[in-house]
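Read the structure below first, then the notes.
What follows draws every value from the coordinates through simple rules; no lab data is involved. Quick caveat: nothing in here was measured; it's all calculated off a predicted structure.
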């Protein structure tokens, strides 16, 4: 910081020398401009291609399956209580009936149910090969 007094003995004048600050900022700007392109990685995405022929109409989907988890952790498969250890087998049988035209699994979970039960149900559905899974939300 430089202090100088005027020739007439007036008030002192304080000037900041900003040249070194500008030099440092320009160097940092150049460093960031050079290194920024090397930090980005391309991600390959398979986008759907336009087709002139519409997809063939499929068979009407089967009615959805209602799966409800109540507050105490009991699982109801289409309104009938099902033990959690047999649920994956029931799901697998449902998928094996028609793997190309699976029913939608609609999961309704009580707000007070434990997350562990829901996590097991979702893992069983994935392992059984269920593709269409949705969550039911009660309108309040």
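For the chain, DSSP calls about 55 percent of its internal beta bridges antiparallel.
Per residue of the chain, the DSSP helices (runs of n ≥ 4 H) give a summed -39500 (n - 2.57) that works out to -9500 deg cm²/dmol at 222 nm. Beta bridges per DSSP, both residues in region 40-122: antiparallel share near 55 percent. The mean sequence distance of close C-alpha pairs (under 8 Å, at least 6 residues apart), as a share of the length of region 65-135, puts its relative contact order at 40 percent. A compact globular protein would have a Cα radius of gyration near 2.2 N^0.38 Å; the ratio found for region 74-129 is 1.12. Taking 0.36 nm per residue of sequence separation and removing the Cα-Cα distance, the residue 131/residue 24 pair yields an extension gain of 32.9 nm.
Across 127, 53, 79, mean-square fluctuation computed from a Gaussian network of the chain (C-alpha pairs under 10 Å connected) peaks at 53. Rounded to the nearest 10 degrees, the inclination of helix 19-35 to the longest alpha-carbon principal axis of the chain is 30 degrees. Can you give me the angle between helix 115-128 and the longest principal axis of the chain, using Cα atoms only, in degrees from 0 to 90, rounded to the nearest 10? With rounding to tens, the tilt is 70 degrees. Set against the labelled values (1) 8.9; (2) 10.2; (3) 22.1, mean projected area of the Cα convex hull in nm² computed from this structure falls on (3). Computed on the chain, with alpha-carbon pairs under 8 angstrom and 6+ residues apart, the relative contact order is 20 percent.
Taking the longest Cα principal axis of the chain as reference, the axis of helix 87-97 is set at about 70 degrees.
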